[in-house]
Amino acid sequence: FDAVMARLDTGADPQVLLTCHIQGQALHSNLGDAAAALAHAQAALRLIGTPRPGQRTNAIFLNAAMGDAYSQLGDAGKAINAYQQAIEAFVLIGRGNTTAAAVLKNNVGVMLMRSGQIRRAVEHFEAQLLEARRHDADDDPVVLINLGRLLPALGRAEEARVVLDRAMAQQRANGDLPGMAYAQLGLASVACADVNTPSCDTALADAQVR
(Lines give C-alpha, C1' and ligand atoms only; values in the text may rest on other atoms or scores of the structure.)
Protein backbone atom coordinates (compact mmCIF):
# COMPACT_ATOMS: atom_id res chain seq x y z
CA PHE A 1 0.00 0.00 0.00
CA ASP A 2 2.73 2.46 0.95
CA ALA A 3 4.56 1.73 -2.30
CA VAL A 4 1.43 2.55 -4.30
CA MET A 5 0.92 5.78 -2.34
CA ALA A 6 4.53 6.78 -2.99
CA ARG A 7 4.02 6.37 -6.76
CA LEU A 8 0.90 8.51 -6.85
CA ASP A 9 1.60 11.78 -8.60
CA THR A 10 0.76 14.94 -6.69
CA GLY A 11 -1.41 15.86 -9.65
CA ALA A 12 -3.60 12.78 -9.23
CA ASP A 13 -7.34 13.15 -8.84
CA PRO A 14 -7.89 14.59 -5.32
CA GLN A 15 -10.80 12.23 -4.76
CA VAL A 16 -8.54 9.26 -5.50
CA LEU A 17 -5.92 10.61 -3.10
CA LEU A 18 -8.57 11.21 -0.46
CA THR A 19 -9.87 7.66 -0.74
CA CYS A 20 -6.32 6.30 -0.54
CA HIS A 21 -5.52 8.31 2.59
CA ILE A 22 -8.77 7.25 4.26
CA GLN A 23 -7.94 3.62 3.51
CA GLY A 24 -4.36 4.19 4.64
CA GLN A 25 -5.56 5.54 7.96
CA ALA A 26 -7.75 2.48 8.53
CA LEU A 27 -5.00 0.08 7.45
CA HIS A 28 -2.30 1.53 9.69
CA SER A 29 -4.69 1.88 12.59
CA ASN A 30 -5.50 -1.83 12.35
CA LEU A 31 -1.76 -2.56 12.18
CA GLY A 32 -1.16 -0.56 15.35
CA ASP A 33 0.96 2.09 13.64
CA ALA A 34 -0.49 5.22 15.22
CA ALA A 35 2.02 7.61 13.64
CA ALA A 36 1.28 6.42 10.10
CA ALA A 37 -2.48 6.38 10.76
CA LEU A 38 -2.24 9.95 12.02
CA ALA A 39 -0.30 11.07 8.95
CA HIS A 40 -2.93 9.62 6.61
CA ALA A 41 -5.79 11.18 8.60
CA GLN A 42 -4.09 14.59 8.49
CA ALA A 43 -3.44 14.30 4.75
CA ALA A 44 -7.07 13.35 4.12
CA LEU A 45 -8.34 16.31 6.15
CA ARG A 46 -6.06 18.67 4.21
CA LEU A 47 -7.61 17.37 0.99
CA ILE A 48 -11.12 17.87 2.34
CA GLY A 49 -10.47 21.40 3.59
CA THR A 50 -13.80 22.91 4.57
CA PRO A 51 -16.14 19.90 4.38
CA ARG A 52 -19.00 20.04 1.92
CA PRO A 53 -22.26 18.42 3.05
CA GLY A 54 -21.29 15.06 1.55
CA GLN A 55 -17.87 15.12 3.23
CA ARG A 56 -18.86 15.98 6.79
CA THR A 57 -19.11 12.39 7.97
CA ASN A 58 -15.65 11.63 6.59
CA ALA A 59 -14.24 14.70 8.35
CA ILE A 60 -15.81 13.64 11.65
CA PHE A 61 -14.43 10.13 11.29
CA LEU A 62 -10.96 11.47 10.46
CA ASN A 63 -10.89 13.86 13.43
CA ALA A 64 -11.96 11.00 15.69
CA ALA A 65 -9.22 8.84 14.16
CA MET A 66 -6.69 11.60 14.85
CA GLY A 67 -7.85 11.64 18.47
CA ASP A 68 -7.30 7.88 18.72
CA ALA A 69 -3.83 8.19 17.18
CA TYR A 70 -2.77 11.04 19.44
CA SER A 71 -4.07 9.04 22.40
CA GLN A 72 -1.93 6.07 21.42
CA LEU A 73 1.06 8.38 20.96
CA GLY A 74 0.57 9.80 24.45
CA ASP A 75 -0.41 13.34 23.44
CA ALA A 76 -3.51 13.93 25.56
CA GLY A 77 -3.90 17.61 24.65
CA LYS A 78 -4.01 17.01 20.91
CA ALA A 79 -6.23 13.94 21.37
CA ILE A 80 -8.77 16.01 23.31
CA ASN A 81 -8.71 18.78 20.67
CA ALA A 82 -9.29 16.27 17.86
CA TYR A 83 -12.15 14.58 19.71
CA GLN A 84 -13.71 17.97 20.48
CA GLN A 85 -13.61 18.95 16.80
CA ALA A 86 -15.39 15.72 15.90
CA ILE A 87 -18.00 16.28 18.64
CA GLU A 88 -18.64 19.86 17.50
CA ALA A 89 -19.08 18.63 13.94
CA PHE A 90 -21.60 16.04 15.14
CA VAL A 91 -23.54 18.82 16.86
CA LEU A 92 -23.52 20.94 13.68
CA ILE A 93 -25.21 18.18 11.69
CA GLY A 94 -27.74 17.47 14.44
CA ARG A 95 -26.15 14.25 15.69
CA GLY A 96 -24.67 15.49 18.94
CA ASN A 97 -26.74 13.05 21.01
CA THR A 98 -25.96 9.88 19.07
CA THR A 99 -24.09 6.89 20.43
CA ALA A 100 -21.07 7.76 18.28
CA ALA A 101 -20.92 11.27 19.75
CA ALA A 102 -21.30 9.86 23.26
CA VAL A 103 -18.29 7.59 22.69
CA LEU A 104 -16.18 10.58 21.66
CA LYS A 105 -17.34 12.56 24.70
CA ASN A 106 -16.36 9.65 26.91
CA ASN A 107 -12.96 9.56 25.20
CA VAL A 108 -12.40 13.21 26.15
CA GLY A 109 -13.05 12.37 29.79
CA VAL A 110 -10.70 9.39 29.64
CA MET A 111 -7.93 11.56 28.20
CA LEU A 112 -8.46 14.14 30.94
CA MET A 113 -8.22 11.33 33.47
CA ARG A 114 -5.07 9.87 31.94
CA SER A 115 -3.38 13.26 31.90
CA GLY A 116 -4.03 13.67 35.64
CA GLN A 117 -6.77 16.29 35.31
CA ILE A 118 -9.06 14.49 37.75
CA ARG A 119 -11.32 17.41 38.65
CA ARG A 120 -11.84 18.35 34.99
CA ALA A 121 -12.53 14.71 34.14
CA VAL A 122 -15.15 14.46 36.91
CA GLU A 123 -16.81 17.68 35.74
CA HIS A 124 -16.77 16.39 32.17
CA PHE A 125 -18.41 13.05 33.03
CA GLU A 126 -20.99 14.75 35.25
CA ALA A 127 -21.86 17.16 32.43
CA GLN A 128 -22.15 14.24 30.01
CA LEU A 129 -24.66 12.51 32.30
CA LEU A 130 -26.66 15.71 32.76
CA GLU A 131 -26.78 16.31 29.01
CA ALA A 132 -28.06 12.78 28.38
CA ARG A 133 -30.75 13.21 31.03
CA ARG A 134 -31.91 16.45 29.42
CA HIS A 135 -32.62 14.38 26.33
CA ASP A 136 -34.39 11.68 28.36
CA ALA A 137 -31.62 9.19 27.68
CA ASP A 138 -30.54 6.51 30.15
CA ASP A 139 -27.28 7.00 32.00
CA ASP A 140 -24.39 5.41 30.11
CA PRO A 141 -22.97 2.76 32.47
CA VAL A 142 -19.46 3.29 31.08
CA VAL A 143 -19.65 6.99 31.97
CA LEU A 144 -21.00 6.09 35.41
CA ILE A 145 -18.09 3.71 35.99
CA ASN A 146 -15.49 6.22 34.85
CA LEU A 147 -17.03 8.86 37.09
CA GLY A 148 -17.31 6.49 40.04
CA ARG A 149 -13.67 5.50 39.84
CA LEU A 150 -12.58 9.15 39.98
CA LEU A 151 -14.81 10.50 42.76
CA PRO A 152 -12.79 9.02 45.69
CA ALA A 153 -9.79 11.13 44.64
CA LEU A 154 -11.93 14.19 45.38
CA GLY A 155 -13.08 12.85 48.76
CA ARG A 156 -16.46 11.71 47.41
CA ALA A 157 -16.26 7.97 48.16
CA GLU A 158 -19.90 7.59 49.23
CA GLU A 159 -21.11 9.21 46.01
CA ALA A 160 -18.78 6.88 44.12
CA ARG A 161 -20.44 3.81 45.66
CA VAL A 162 -23.89 5.05 44.67
CA VAL A 163 -22.77 5.77 41.10
CA LEU A 164 -20.98 2.44 40.72
CA ASP A 165 -23.90 0.49 42.22
CA ARG A 166 -26.15 2.12 39.61
CA ALA A 167 -23.70 1.18 36.87
CA MET A 168 -23.55 -2.39 38.17
CA ALA A 169 -27.36 -2.65 38.14
CA GLN A 170 -27.49 -1.43 34.54
CA GLN A 171 -24.75 -3.77 33.38
CA ARG A 172 -26.47 -6.67 35.13
CA ALA A 173 -29.78 -5.79 33.47
CA ASN A 174 -27.97 -5.65 30.12
CA GLY A 175 -26.29 -9.00 30.73
CA ASP A 176 -22.93 -7.33 30.12
CA LEU A 177 -20.45 -9.53 32.01
CA PRO A 178 -17.30 -7.51 31.10
CA GLY A 179 -19.19 -4.36 32.10
CA MET A 180 -20.14 -5.93 35.43
CA ALA A 181 -16.50 -6.83 36.06
CA TYR A 182 -15.43 -3.28 35.23
CA ALA A 183 -18.03 -1.88 37.64
CA GLN A 184 -16.92 -4.30 40.34
CA LEU A 185 -13.32 -3.19 39.88
CA GLY A 186 -14.53 0.35 40.46
CA LEU A 187 -16.28 -0.71 43.66
CA ALA A 188 -13.10 -2.50 44.73
CA SER A 189 -11.04 0.63 44.14
CA VAL A 190 -13.46 2.62 46.32
CA ALA A 191 -13.29 0.00 49.09
CA CYS A 192 -9.50 -0.09 48.93
CA ALA A 193 -9.25 3.71 48.89
CA ASP A 194 -11.03 3.67 52.27
CA VAL A 195 -8.31 1.34 53.60
CA ASN A 196 -11.06 -1.00 54.67
CA THR A 197 -9.04 -4.18 54.26
CA PRO A 198 -11.81 -6.81 54.66
CA SER A 199 -14.12 -4.87 52.33
CA CYS A 200 -11.26 -4.31 49.89
CA ASP A 201 -10.31 -8.00 49.86
CA THR A 202 -13.94 -9.04 49.34
CA ALA A 203 -14.48 -6.55 46.50
CA LEU A 204 -11.28 -7.61 44.74
CA ALA A 205 -12.18 -11.29 45.06
CA ASP A 206 -15.63 -10.57 43.61
CA ALA A 207 -14.05 -8.70 40.69
CA GLN A 208 -11.74 -11.64 39.97
CA VAL A 209 -14.68 -14.05 39.93
CA ARG A 210 -16.52 -11.85 37.45
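The values are calculated or read from the model by the stated rules, or taken from the named source; none is laboratory data. Remember, predicted model here, so these are calculated numbers, not experimental data. Because the Cβ atoms are built from the backbone with ideal geometry, glycine has one as well, and the counts that use them run over all protein chains shown. Heavy atoms of the whole protein, side chains included, go into the accessibility calculation; ligands, DNA and RNA do not. Shrake-Rupley method; radii C 1.70, N 1.55, O 1.52, S 1.80 Å.
Per-structure values
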item	result
Tally, over segment 144-191, of residues that are under 16 Å from Val110 (Cα atoms) and open to solvent by 40 Å² or more (accessible area, probe 1.4 Å)	3
Selection count, segment 75-100, where residues are outside any helix (DSSP H, G or I) and among the polar types (S, T, N, Q)	2
Scan of segment 59-71 for residues that are surrounded by fewer than 22 Cβ atoms within 10 Å (Cβ to Cβ) and in contact (Cβ under 8 Å) with a residue 40 or more places away in the chain, ordered by number	Ser71
Residues (without any contact (Cβ under 8 Å) to a residue 24 or more places away in the chain and in contact with a Leu (Cβ under 8 Å, 6 or more places away or on another chain)) located in segment 8-39	Leu8, Val16, Cys20
Test: Ala127 is modelled with pLDDT of 95 or more and not aromatic (Phe, Trp, Tyr)	yes
Residue match in segment 191-200 (condition: of a type in the set (Ser, Thr, Tyr) and more than 23 Å from Leu112 (Cα to Cα))	yes
Extreme residue, most open to solvent (accessible area, probe 1.4 Å), among residues of segment 95-143 that are over 18 Å from Tyr83 (Cα atoms) and within 14 Å of the chain's Cα centre (by Cα)	Asp140
Residue tally, condition without any contact (Cβ under 8 Å) to a residue 12 or more places away in the chain and either in a helix (DSSP H, G or I) or closer than 15 Å to Ala64 by Cα (or both), over segment 101-130	5
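The rows are residues; the columns are (1) assigned to a helix (DSSP H, G or I); (2) modelled with pLDDT under 95; (3) buried (at least 16 other Cβ atoms within 10 Å of the Cβ).
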site	(1), (2), (3)
Thr19	yes, yes, no
Ala26	yes, no, no
Ser29	yes, no, yes
Gly32	no, no, no
Leu38	yes, no, yes
Thr50	no, yes, no
